[in-house]
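Since every read-out is calculated from the coordinates, none of them should be taken as a lab result. Keep in mind that this is a model prediction, so the values were computed, not measured. Backbone-built Cβ (ideal geometry, glycine too); neighbour counts: all protein chains shown.
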Amino acid sequence: MDYDDGLIACSDDELVIRRYGGLLRTKRIPYGRIRKATRITLGPVRGKWRLWGSGDFRHWYNLDPERRRKEVGLVLDLGGRIQPVITPDDPERVVAILRDRGVAVEDSVTPKGP
């Protein structure tokens, strides 16, 4: 594994999201299925307080009890209506791995100002 924080893992071939779907199953996504990833700033309306599941039936968050302490998430566009949102412990490392595997990564992070 190139990266593994217990909930999100990056291997040579795929991104692994643990505690994702029904019965908290693991979701495995080959890098070739990811059309793009968008880095977002988490906030009260943008998933910071979402423990698991979806609030808008478009974005799906895996179970991450520590999400409220995190600042950055990654929205994965797989071409379908539902987009997984991950909150890795080291988002910059995951972004670097995704880019290294040919996945386009957009930035939608709100810069912190004075």
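Give the label of the value calculated from the structure for Rg and Dmax of the Cα atoms in Å, choosing from (i) 13.7, 45; (ii) 13.0, 44; (iii) 13.0, 38. Computed from the coordinates, Rg and Dmax of the Cα atoms in Å corresponds to (ii). Distance from the Cα centroid of region 1-27 to that of region 47-85 is 14 Å (rounded to whole angstrom).
Counting only DSSP beta bridges with both residues in the chain, the antiparallel share comes to about 70 percent. Computed from the C-beta positions of ASP12 and VAL45, the FRET efficiency with R₀ = 25 Å rounds to 0.10. Once the C-beta distance of ASP4 and ARG81 is scaled by a Förster radius of 22 Å, the resulting FRET efficiency is 0.15 to the nearest 0.05.
Amide H contacts for TRP60 (H built 1.01 Å from N in the peptide plane; partners 5 or more residues away or on another chain; cut-off under 5 Å): GLN83, VAL85.
Cβ crowding within 10 Å, taken as a proxy for footprinting-reagent exposure, orders THR87, THR38, THR26 from fewest neighbours to most as THR26, THR38, THR87. In the chain, the DSSP-assigned H stretches of four residues or longer account for a calculated mean residue ellipticity at 222 nm of -2500 deg cm²/dmol, using -39500 (n - 2.57) per stretch and the full residue count as denominator.
Amide H to amide H distances under 5 Å link ASP2 with CYS10, SER11, ASP12, where only residues 5 or more positions off or on other chains count and H is placed in the peptide plane. In this structure, the amide hydrogen of LYS36, modeled 1.01 Å from its nitrogen in the peptide plane, lies closer than 5 angstrom to those of ASP77, counting only residues at least 5 positions away or on a different chain. Taking the fewest neighbouring Cβ atoms within 10 Å as the starting point, the ordered list for GLU66, GLU14 is GLU66, GLU14.
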